[in-house]
C-alpha cells in the first residue's frame, strides 16, 4: 500500500513548493523537509516489512503484462533507504548553502523532482517506465547543476545534458530491440521470453544498454561529463549526484537489466570486469594530479564505481555482496567528502588546495569528519570502506581473478596517497588559514556529523548477524537472476 | 525597422481572428482523446501554439499585460496536484492508485471510459501552459547584460 | 530490414553533426535529428504487413491492426525530448550571456 507514496510524496511536495513559494524559500524548506522526513520514515518501514518476500503493487488495476507494477524486493528497499538518507542530509545541508547563492524556493522543488525520479527508477518493474522516471530525474539533475548561475556551471550543465541525451537515445534503441523481439515491456515477461529468442538480440540489447546506462553511471569510456558536472554543481547537489544519482540510475539499472532481465550472459560480466578495472585505475591516476578539491573528488567517484563494477562482474555471491556493500558505503562517505568541500568553499572562498590553510582550529568538525571520510575511502579499518573493499578483493581471489584483486589493492593505495595529499595541503598544512569568509552553519555541521557516524556504523554490516538481515536478501534477489520474477509474480 | 513591437498589421489581424479557433481545435482534440488520436499531449501543444501565436504577433510586452502570468503559473502547478488527487481517489475508495473509478459508459460516446477524459484535460492544461511559459521565459532574456563571472 | 538500416543511418547522421559542428544551436538540432531517428525506428517496429490503423470505429468490423503500443511510447518520448530541447536552448542562451559567443571551441573554461 505504501509503494506509490514514494513517488507521490516528492511530486506533491515539488508542485506545492512551486505553488506556495515566492521569492523567499521558507515554503520550500518546510515542505521539502517534511517530505524528506516522511520519505525516510517510509523507507525504513518498507525495509523492515519487505525483508521476506517481495511486495507487488499493480497500478490502475491492470494486471501484468498489460499494466505497470511497482515491485519492492530487498534490493529496492536497500536502495530506497540509501536515497532517502542522503536526501535528508542534503536538505539539512542545503538550507544555509543555498541561501548564500540565490535563495529561491525552486531549488527545493527541483530536489524533490530528482528524488521522485530516483524512487520511480528503483521501484518500477517495467522497462519503459524505468526510462521515463530516469528522464525525470535527469531533467532535475541538469537544472540543478546549472543552479548557481556562474559561467562554468552552465558549461558543465550543457555538456552533461548533451551526453545524457545521447545515452537516453541509446537506451531507447535498446528498448526498441527488446520490444521487437519479445513484444513485452514488463521485466518479468521479458525475462521469461528472451531466452527463447535469438541470442544475437540479447547481445545487441545488452551492448546498447551497457553504453546507455554506463554513461549514466560514468564508467570509463563514457565518463567525460562527470568531472565538469560534479565539480561545478553546488556542494549538496554534488553529493546527491555523486552519492545516489549515478548509483540509482546507473548501477542499479545495470544490475536490474543485466542480472534480472537478460540473465547475466558471461560476455557482459567480462565487460564489467574490464571496464571496472579501467575505471578504477585510470580514475585514481587522474585524480592524484588535481588541485581543485571537487574535481579530485569527482575523479575518485569514477574510481570507486570501478570497484563496484568489478564486484558485479565477478558473478559470484560474494562479489555481488561486496558490490552492494560498497555501493552503500560510497554513498555515505562520498557525500560526506562533498559536504566537507562545500564547507571549505563556504568558509575559505576557494576550491584550490594550494590556496587553503590549516583549518583544524577554525573548522574543527569539518577537519575531523574529513579525516574520517578520507580514511573510509582509502579503505582503512575500522571504517566501512575497508570492509567493502576487502570483500571485493576476497571475492576476486575466490573467483580466480588474481589480476583484478591486485589492481584493487593498488587502487586503494593510490587513493590513500591522493587523500593524504588533500589532508596535507588542504586541511592540515603548515600555513595558517586566513580569516573565515562566512560561517559554517549548524545545518551543515549536523549533516557532516551524521554521515561521519554512519561511516563507522555501516561497517557493522559485515557482522554475520546483521549481514543476514540487511545485505544477504538483496544479494539473493540479484543472484536468482531471471527466476526472481516467478517469486514475485507467482506465475 | 518598425517602431511598433510584434509583426505587421496583417499578421496581427489574422491572429486576432484565428486564435480562438486554434483554442477550440485544441480543446476538441483534448476532449476526444479517448476516441480519436491526440489526447492530452497533442491537444496541449495546440493550445500552447495558440498562445504562442499571440506572443509572436503582438510582442512580449503586450502579451505580458494581456495575460495574467501569475495565474497561469499557479494553474500549471495545481494541474499536477489535480492529477495526483485523481489518482489518490482510487486509494481513498479502497482500490489501487490510478484506479478508474468513474462509470465506464457506452462505447464510442463522449462520456465513456471513466476518468480518462479528466486526465486528458489535466495533462492538456499542464503541457500547454508549460510550453507557453517556457517560451515566455526564454523571450524575457536580455542577451546584452549579465556577463559577470 | 532496409528501413531499419536507414533509420540507423539517420541516427549516425545526427551523431556526426553532434560531433563535428561548432555552433551550439547546430548541436541542439543534431540531437533532435538523433531523437527523430530513434522515434522512427520505434514506430516502424510496430508495423504489421497489410494491417489497418489501430482505431476502432462504430459499425465496421475489427480489422487486423498495426501495433499501437509503440505509438504511445513514441508520444511519451517526443514530449521528453521536447523538454530536454527547451532546457538546452535555455542553457545556450545563458551561455551566450556569459561567454558572448555560440562557438563551442571558445566555451572551454573547464579543463583537466
Model label zone, residue B:9; criterion: amide N under 17 Å from point 7 Å along Cα-to-beta-carbon; scope the range B:51-70: B:58
Relative contact order (%) - chain B, alpha-carbon pairs under 8 angstrom, separation at least six: 30 percent
Inter-chain shielding of A:131-140 (mean C-beta neighbours from other protein chains, 10 Å cut-off): 3
Helix-derived mean residue ellipticity, 222 nm - over chain A, DSSP H n ≥ 4, -39500 (n - 2.57), to 500: -24000 deg cm²/dmol
Antiparallel DSSP beta bridges within the protein assembly as shown, percent to nearest 5: 80 percent
Label-point gap, in nm, between residue C:103 and residue C:16 - each point 7 angstrom along Cα→Cβ: 2.4 nm
Gained length - residue A:468 relative to residue A:480, 0.36 nm times residue gap less alpha-carbon distance: 2.7 nm
Ordering of B:31-39, A:470-478 by packing [mean C-beta count within 10 Å, highest first]: A:470-478, B:31-39
Average projected area [Cα convex hull, the protein assembly as shown], square nanometres: 33.7 nm²
Residue-averaged 222 nm ellipticity for chain B, from DSSP H runs of 4+ at -39500 (n - 2.57), nearest 500: -22500 deg cm²/dmol
Spherically averaged projected area in nm², based on the convex hull that wraps the Cα atoms of chain C: 9.7 nm²
Mean Cα-pair separation over length for the range C:2-99, i.e. relative contact order, pairs under 8 Å, 6 or more apart, %: 25 percent
Principal axis dimensions, largest first and in whole angstrom, of the range A:168-292 by Cα: 53, 27, 20
Degrees between helix C:2-20 axis and first principal axis of chain C (Cα, 0 to 90, nearest 10): 10 degrees
Shape category assigned to the range C:41-87 from the gyration tensor of Cα positions, a/c cut at 1.5: oblate
Helix-only mean residue ellipticity at 222 nm for chain C, each DSSP H run of n ≥ 4 adding -39500 (n - 2.57), per residue, nearest 500: -22500 deg cm²/dmol
Separation of the residue B:34 and residue A:380 label points, Cα + 7 Å toward Cβ, nm: 6.6 nm
Two-site FRET efficiency, residue C:66 against residue A:460, from Cβ-Cβ distance with R₀ of 45 Å, rounded to 0.05: 0.20
Relative contact order of the range A:5-489, pairs being alpha-carbon contacts under 8 Å that are 6 or more residues apart, as %: 17 percent
Against the rule of thumb 2.2 N^0.38 Å, how large the Cα Rg of the range B:9-139 comes out: 1.21
Nearest 10 degrees, 0 to 90: helix A:106-123 Cα axis against chain A principal axis: 30 degrees
Angle between chain B longest axis and helix B:39-58 axis [Cα atoms, degrees, rounded to 10]: 20 degrees
10 Å Cβ neighbours from other chains, averaged over peptide A:143-156: 4
FRET E, pair residue B:27, residue C:9, Förster distance 30 Å, beta-carbon r, rounded to 0.05: 0.15
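Since every read-out is calculated from the coordinates, none of them should be taken as a lab result. Every value quoted in this text rests on a predicted model; they were computed, and no experiment measured them. Heads up, the Cβs are rebuilt from the backbone with ideal geometry, glycines too, and the neighbour counts pull from every protein chain shown.
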